Amino acid sequence: MKISNIEGSPKEIKDFCARFNLDIKDLIEKPKKEVNKVWIIIPSVVFLIFSLLILLYPCNNVLLKIASIVIGILCGGCATCVVQIKYNNVIATVIFVLVCFFILGICSRFIPLEETFQKINAITLDKYKEMAPSQKKP
């Protein structure tokens, strides 16, 4: 039987703890509590709602638009922190941050949507042309 770094029979482990005045509960590692998915879903939904509000209802009030963008960034940041805590994966966190900023940039019209699709189309066409076999006539 092995508990933490101590190995032996249950009687030996009990005697060891009694001899050195240790509590067996202190030696056992407690499993980490899982982060509930609700903590990712709620900020993500609020982020998407504010992004859609910015996109669908453009307003002339600069203060309202800045407040919506700030709330969107805060909700995206909160969701990003929870993603990092839950999955402990830097790549997933970076991808999540980039997607959030991309969505917020498009919705707030910092990134023009038409130009974005044109650039993506040009990149994919260039890659397709490189991959396509050359057609030569004999």
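Could you tell me whether any residue of the stretch 60-71 is among the hydroxyl-bearing types (Ser, Thr, Tyr), under 24 Å from Glu34 (Cα atoms), out of contact with any Ser or Thr (no Cβ under 6 Å at 6 or more places or on another chain) and modelled with pLDDT under 90? Break it down into steps so the answer makes sense when it comes.
To start, the set of residues in the stretch 60-71 that are among the hydroxyl-bearing types (Ser, Thr, Tyr) comprises 68.
After this cut, where a residue has to be under 24 Å from Glu34 (Cα atoms) as well, the list is none.
Within the stretch 60-71 (the criterion being among the hydroxyl-bearing types (Ser, Thr, Tyr), under 24 Å from Glu34 (Cα atoms), out of contact with any Ser or Thr (no Cβ under 6 Å at 6 or more places or on another chain) and modelled with pLDDT under 90), the answer is no, since none of the residues qualifies.
Just to be sure I understand, how many residues within the stretch 31-82 are aliphatic (A, V, I, L, M) and under 18 Å from Leu98 (Cβ atoms)?
Our first condition is that a residue be aliphatic (A, V, I, L, M); within the stretch 31-82, this holds for 35, 38, 40-42, 45-46, 48-49, 52-56, 62-64, 66-67, 69-71, 73-74, 79, 82.
Among the residues that remain, those that are also under 18 Å from Leu98 (Cβ atoms) are: 40, 48, 69, 73-74, 79, 82.
Number satisfying all stated conditions: 7.
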Review point. Just for the stretch 49-59: of the residues that are free of Cβ contacts under 8 Å to residues at least 40 places away in the same chain and farther than 23 Å from Val38 by Cβ, which one is nearest to the chain's Cα centre (by Cα)?
Key: Leu56
Exercise for review: Output yes when any residue across the stretch 116-132 is surrounded by fewer than 17 Cβ atoms within 10 Å (Cβ to Cβ), under 30 Å from Lys33 (Cβ atoms) and within 27 Å of the chain's Cα centre (by Cα), and no when none is.
Suggested key: no
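The values are calculated or read from the model by the stated rules, or taken from the named source; none is laboratory data. What you see is a predicted model; the values in this text were computed from it and never measured. Cβ atoms come from the backbone with ideal geometry, glycine included; neighbour counts cover every protein chain shown.
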